[in-house]
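So the structure is just underneath, and the comments pick up after that.
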């Protein structure tokens, strides 16, 4: 592997992501994409780091880019669902979850539908802590 190659930057992005250094991970994933903009693996890795860094609008962009080339990509559909949820665009998150569920074999759809649904709507439900704060006024 050559230094400065897309693969080298991808590996660095992965290492920094696992080391919980999102800024460095983003930097290296973006360098990899400058060299190889069609690299789905790098784009999805970048999207995951962006979601974890509370940058759902940027993660959504990465998901949409992948889906533009492969509308059935499960990882991109999952990333899109979580991005939309974090952006509080719940109806769109539900629609993305439906698309994700549709990619599974019929036998798996029933098993994974509740998981995809909870991913799409989990932020919409107030926690008990939020409820108690709201009731304390």
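The values are calculated or read from the model by the stated rules, or taken from the named source; none is laboratory data. All values reported here derive from a predicted model rather than from experimental measurement. As a convention, Cβ positions derive from the backbone with ideal geometry for all residues, glycine included, and neighbour counts pool all protein chains shown.
Evaluation of residue 71 against the conditions (1) part of a helix (DSSP H, G or I); (2) under 19 Å from residue 103 (Cα atoms) shows that the sole unmet condition is (1). Total residues in region 42-68 satisfying the condition of being in contact (Cβ under 8 Å) with a residue 24 or more places away in the chain, surrounded by fewer than 18 Cβ atoms within 10 Å (Cβ to Cβ), in contact with a helix residue (DSSP H, G or I) (Cβ under 7 Å, 6 or more places away or on another chain) and in a helix (DSSP H, G or I): the figure is 1.
When the criteria are applied in full, residue 44 meets the requirement of being over 16 Å from residue 5 (Cα atoms), modelled with pLDDT of 95 or more and outside the structural domain of residue 96 (by TED's automatic domain parsing). Among the residues that make up region 116-135, is at least one of them at pLDDT 95 or above and within 25 Å of residue 18 (Cα to Cα)? Looking through region 116-135, none of the residues is at pLDDT 95 or above and within 25 Å of residue 18 (Cα to Cα).
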